[in-house]
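Okay, structure first, notes after.
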Amino acid sequence: MSDDAVPGRQERGRAGEQQAGGSTPAGHSERGLIGQALAAAARFYPLPPGSVPALLAAGVLLGVAGDVLLRGPGPVGLNLSLWVALVAAAALALHGLAGLVWDRGRIAWLVTGALLAAGLAWRDAPPLRLLALGCATLAFALAAHRRSASWVRHAGVLGYAGALALGALQAWTAAALALGDAARTRTRIAAGRPAGWRRAAAVARGLLIAAPLVAVFGALFMSADAVFAKMVGSVFRFDFQRLASHILVFSILAWISTGYLRGFLTGTQLPPLGGPGRSGAPSAFAPKRPPLGITETATALAALDLLFLLFVIVQFRYLFGGDALIQVTPDLTYAEYARRGFFELVLAVALVVPVLLGADWLADRRGPRDVLVFRMLAGLQIGLVLAIAASALQRLRLYRASYGLTESRFYAMALLIWIAAMLLWLAATVLRGRRDAFAFGTLVSGLLAVALLFVVNPDAIIARANLARLVSTDAAARFDARYAASLSADAAPVLMDALPALPPGVQCTLARSLLRRWPPDRERTVRGWNWSAARVSGAVREHEARLRSMAGPGQGCGTSGGK
C-alpha cells in the first residue's frame, strides 16, 4: 500500500467521524481548529495501515519500562542505555509489523545510536556521557528522517541539522497525531455500536485523561496542606506523591517514545507543498541559494585572509617562541603566555569551517577563473587557520607543563585537532567540487572521534598527566589534589595506584574523596550501574583499611598544592 493511498482512507474516516459526531458549526471552533491541524499533519505523515494499536501499545510499554528503569537514585547509567536499546528494538519491531521495506541504513543508524548510548554504562565522565547521549540522539534522528537512509551519504550539514530538529519536534508532538489516529480508528469502529456503549467508552476515556491530572494536583495539594494530606492518607492507603511521580515519569517517556516511533514509521522529513506524497522528493522547505557573485565572495575572503595573515605575522614570535620567548620577555609568565587567548583561538578556528562552507554555497562561479580564485583564497585561509591551530596547541602544551591538564583544556584540544582535520577534509572535498562528501565524512569522523574518546578515557589521561608533573624534577610544579579528587570514576583507578608514592597531604585529600564518593557500604542498584563506578566501588571496598589510614583522623589534610 503506497503512502498516497493512506491519506484518502484517512479522509474518508474523518468524513465518517464528522457525520457520527453531528457537531454544529458553533461548537466546532477551538476543538475543530485543533482537529483540523492534527488531520492536516496526519495527511502529511500518514501511518501504515493497521499500525495504530501496535504503536500505542509500544509507547505504553516503553513508558512503563522507562519508569521502572529511570526512577532510581543517582546518575543514569545502564538504565538509560537499556531504555534507548528498547526504543530501537520497538522501532524495528513496528517497522516489521507495518510491512515496510527493510533498509540497512536505517537499521545501522539505530544500532549505532544504541551502541553510543551504551557508553553511559561504560564511562563516568559527564562530558563523555553528554557526548554519547547527543550522538545517540543524532543517530536516531537520522534513522527516522526518511524511510531510506541513503540520503545521509549525500546530505549537507544543514540536512543533518534539519533531521535532528524535525526528529526532536516529532518526538515531542507526534504522540498527539497517534492519539488522533486512534480517535479516528475508534470512531469508525464505534459507529455501529449502541449509544450506551459509546457513552461508557467516553466516560472511561475521560477518567483515563483525568487520572494523571488528579494525581499531580492531588500531590501538590497534599504538600501544601497537612490536614488535606492526612485526610487523603486515611482514605487511600498509599503514597499519593510517589504515585504522582510514577505517573509523571511514565507520561513523559511514553509521550516522547510514541512520538519518535510514529516519526520512525512515517519519516520526519517535511513534505513538499504540492502534496502529501514524500517518496524521495526534495522538500519544498529547502533553503534557496541567494546569488552572490565571485567578486563579493572573493573580496570577503581576501579581507579575512589579510586579517589572519596580519595576526600570524605580528604574533609569530609570540605564538611559537615558547620557553625562549618567556625567558627574554620581561614580566611574561607562563600563565600570561598560555592562558591568553587559547579558547578564543579555538573558537576562531571552529568558526572558519561554517564561514568557508557558507562562502562555497553562496559563491556563483561561472567559469574556471572564478573557481581558481575561490580555491586559492579559501586554501590560503585554511593554511593560515592551521597555523593558528598549531599556536593554540603550543599554548596548551606550555600551560599543561606549568599548571597541569583539566577537562576543559583536554576537550578543547580534542576539538581543535578534530576541526583541523575537518579543514583538511574540506580542502580535499569542497574545494575540489565534492561538497556532498564533506558533510558525511564530518558526521562519520565526529562519531568515530567520540568513540575514540571513550576508548582513550580522558579523565585517566588527565590524572596521569597531572601525577607526572608531581613526580617530575621541576620544583615549581604543583599538583592540584582537590581537582584530581573531583574527577570522575574513570580517573579513580589511576589515582589509587599512585597513592602510595604521593605526599601525605595529597594522600589524605584523595583518600577522603574516594571514601566519600564511593563508600564501601553504599547500596548499589542495578538500574544505575556504571562500569567505571562499579570498578572503583569494588577497589575502595577492597582497600578500605588502607584508605582510612591515609585519610587520617583529623579534620584537615594539610597542604595539597594546586592551582
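The values are calculated or read from the model by the stated rules, or taken from the named source; none is laboratory data. Remember, predicted model here, so these are calculated numbers, not experimental data. Please note: Cβ atoms are built from the backbone with ideal geometry, for glycine as well, and neighbour counts cover all protein chains shown.
Considering only the range 429-464, state which residues are under 25 Å from ALA492 (Cβ atoms) and of a type in the set (Lys, Arg). Hit for the range 429-464 is ARG464, nothing else.
Results for (1) surrounded by 13 or more Cβ atoms within 10 Å (Cβ to Cβ); (2) at pLDDT below 85; (3) within 34 Å of the chain's Cα centre (by Cα), shown as yes or no for each residue.
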| residue | (1), (2), (3) |
| --- | --- |
| VAL506 | yes, no, no |
| TRP518 | yes, no, yes |
| VAL526 | no, yes, yes |
| GLY561 | yes, yes, no |
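The numbered conditions (1) at pLDDT below 85; (2) of a type in the set (A, V, I, L, M, F, W, C); (3) not in a loop (DSSP other than H, G, I, E, B) are all true for VAL494 except (1).
Yes or no: the range 52-72 includes at least one residue that is under 21 Å from ARG146 (Cα atoms), of a type outside the set (Asp, Glu), at pLDDT below 80 and not in a helix (DSSP H, G or I). No, the range 52-72 contains no residue that is under 21 Å from ARG146 (Cα atoms), of a type outside the set (Asp, Glu), at pLDDT below 80 and not in a helix (DSSP H, G or I). Residues that are assigned to a loop (DSSP other than H, G, I, E, B) and in contact with a helix residue (DSSP H, G or I) (Cβ under 9 Å, 6 or more places away or on another chain): does the range 460-467 have at least one? Checked the range 460-467: no residue is assigned to a loop (DSSP other than H, G, I, E, B) and in contact with a helix residue (DSSP H, G or I) (Cβ under 9 Å, 6 or more places away or on another chain). Cβ-Cβ distances below 7 Å connect the following pairs, each with a first residue in the range 512-528 that is within 16 Å of ARG548 (Cα to Cα), a second residue that is among the charged types (D, E, K, R), and a separation of six or more residues or different chains: LEU515/ARG548; PRO520/ARG541; PRO520/GLU544. Can GLY74 be described as under 29 Å from SER245 (Cα atoms), of a type outside the set (Asp, Glu) and crowded, with 18+ Cβ neighbours inside 10 Å? Spelling it out, it is not the case that GLY74 is under 29 Å from SER245 (Cα atoms), of a type outside the set (Asp, Glu) and crowded, with 18+ Cβ neighbours inside 10 Å. Flag: GLY196 does not match the condition of being exposed (fewer than 12 other Cβ atoms within 10 Å of the Cβ), at pLDDT below 90, out of contact with any Phe, Trp or Tyr (no Cβ under 6 Å at 6 or more places or on another chain) and not in a helix (DSSP H, G or I).
Within the range 263-270, at least one residue is touching a helix residue (DSSP H, G or I) at 6+ places or on another chain (Cβ under 8 Å), surrounded by 14 or more Cβ atoms within 10 Å (Cβ to Cβ), within 30 Å of LEU169 (Cβ to Cβ) and modelled with pLDDT under 85. Only one entry in ALA42, ALA98 is at pLDDT 80 or above, touching a Gly at 6+ places or on another chain (Cβ under 8 Å), farther than 30 Å from VAL526 by Cβ and not aromatic (Phe, Trp, Tyr), namely ALA98.
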